[in-house]
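*Asks:* I'd like to ask some things about the structure below.
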């Protein structure tokens, strides 16, 4: 008999609909039951692609004895952390405070007033890993609730007060170039030159830190460029990067990026594709372009809803085994690759007994030039044979049972992906090989993304933007959508991410519709989430929560507050709204000391601070028609200008266009007005003049 989760929006919750546990979704029915019956709440938080969430579900939540204890003595609530990041953030902080560590599945025990008093992560069915069994935990909590309730209630209230107070702390500091330079030096000093990235295993890709250092490289920091290119090459060798099908797994369990946690998340791939694209824009090395393109092809092929939104993730498991879809035996590889197997054996150091649990995770060991020398063939022949083999492996792998797809569409993650997709569309015809024009493929079929041209990527981006605005409740956004079902009201990260995505799409086609939507969302974001005393909060209110949360540091996704600050800086430059810039700068200053102390956890804040400290390039292009503007626009597309905001229009600009375009006279020829931090040059009309102004190195503001 299905429980209440059978009609949930979240596929993760629906996975538990046939458990013997009488699960409730988070909501008034469950909370009222806990208050009425004076029962503790067992809150289980996880997500669809989480391997250990599945393990605990099979071991404990499908067990009749465990279910009986939960059903009789607790109010069991199941939450998808991706659908409710507010609950995840509140109770993750509680879990860390109570147990010393966090993670998923998250297992939290609450009073009927939603205050946490005991927490952990995964608990096994039987005692092992130095952990008590889940049954032991339940019985111990139940005994304490029955015999020591007054102590539990007092402790829970104290913990809740401490957590709430910590969220309101400020760590003020001066926002100066010297502050940013010191942070840059710390990131360079702590970089792992052996394997790439930062820190030890498990190793996360940190695209925001790489993006920040790429910006410093654009300004002339040679060591920052060296670090970025080394990190990107290390991660793209394979293992964490899916060499066969494109796209990145969540993280590496080792220091070498070899064995991943095999889930694939939309947000990781959106952020990583963008940073590889920027590395290509900075270096014009086709290797980085191809990784970005392959990653976006993976998103288009495997995570795209027919109406245009991107799904959330692919599971780590298939057929009950983590990574089974992605790993190989030596015999399989030899059978599929045939005459190309010796080349692959050397390229990937394939051994008879594999490199992980008897199987092979593909990771490049030799580069193309080394292989060419070893086999006495040209580099071009190596590339041809490797690509032929990759295609054969891809076709073979498609016959396997694939990992499950979490089909909910999350606004914030789609905003991140929209920004990357739109920027890729803007630069696609500058790609290696120069594929231009419109291919014969119909984007709506999504069958073959191997030959996509600029027009196809652009159509995919616009379809995504239209879907998000039509289906997710614009202008009062919702956080998630699944086959017509909408979740609760949107969070700060939803507004901020979608604003940034729409601005990038406006920069791609200069349709004022996108800018107008971004401006409307900016005003709504400030109205719903900004508090002049404390800054940004993640939710519009504290209704139904123990307190109103706000996450300052980045976690798996960028901080909503940092994204909001970045959006305000971009919008203020387009609209001339100095009050928006003031809010952004004040927000950064309120956290400056904390950012300097723990820079590895504040990548999006570093990007925002860098944007605030580096004079912006405000570029307005006006002509009688977009055809007249074409040579100037082509000049813009031939370089990467991370500090530029760009607006363009045929004269006269519409009222929905950015203020940057207004009150400028029409020249005899199409013209570009280039301003640096609101100080403007004389208008120029030739690509050569525009190129000279765009490539003038900025100097930081003091």
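*Asks:* Assuming residue 654 fulfils every condition listed in (1) over 17 Å from residue 681 (Cα atoms); (2) in a helix (DSSP H, G or I) apart from one, which condition is it?
*Replies:* (2)
*Asks:* Here's another thing I want to ask about it. Report, by residue number, each residue of segment 370-406 that is free of Cβ contacts under 8 Å to residues at least 12 places away in the same chain and in contact with a helix residue (DSSP H, G or I) (Cβ under 7 Å, 6 or more places away or on another chain).
*Replies:* Result: 372, 378, 379.
*Asks:* Search segment 502-543 for residues being touching a residue at least 60 places away in the same chain (Cβ under 8 Å) and under 18 Å from residue 489 (Cα atoms), and hand back the single one that is surrounded by the most Cβ atoms within 10 Å (Cβ to Cβ).
*Replies:* Selected residue: 539.
The rows are residues; the columns are (1) closer than 30 Å to residue 428 by Cβ; (2) under 22 Å from the mean Cα position of the chain (by Cα); (3) in the same structural domain as residue 88 (by TED's automatic domain parsing).
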site	(1), (2), (3)
503	yes, yes, no
510	yes, no, no
520	yes, no, no
537	no, yes, no
547	no, no, no
554	yes, yes, no
562	yes, yes, no
566	yes, yes, no
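*Asks:* Test residue 239 against the criterion of being under 18 Å from the mean Cα position of the chain (by Cα), on the phi > 0 side of the Ramachandran plot, modelled with pLDDT of 95 or more and surrounded by 15 or more Cβ atoms within 10 Å (Cβ to Cβ), and give yes or no.
*Replies:* For residue 239, the condition - under 18 Å from the mean Cα position of the chain (by Cα), on the phi > 0 side of the Ramachandran plot, modelled with pLDDT of 95 or more and surrounded by 15 or more Cβ atoms within 10 Å (Cβ to Cβ) - is not met.
*Asks:* Residues of segment 169-200 being touching a residue at least 60 places away in the same chain (Cβ under 8 Å) and in contact with a strand residue (DSSP E or B) (Cβ under 9 Å, 6 or more places away or on another chain), which ones?
*Replies:* 170, 187, 190, 192, 195, 196, 197, 198
*Asks:* Does segment 197-205 include one or more residues that are closer than 20 Å to residue 592 by Cα and either at pLDDT below 95 or under 25 Å from the mean Cα position of the chain (by Cα) (or both)?
*Replies:* no
The values are calculated or read from the model by the stated rules, or taken from the named source; none is laboratory data. Treat the numbers as computed from the prediction; the structure is a model and nothing was measured. All Cβ positions, even for glycine, are placed from backbone atoms using ideal geometry, and neighbour counts span all protein chains on display.
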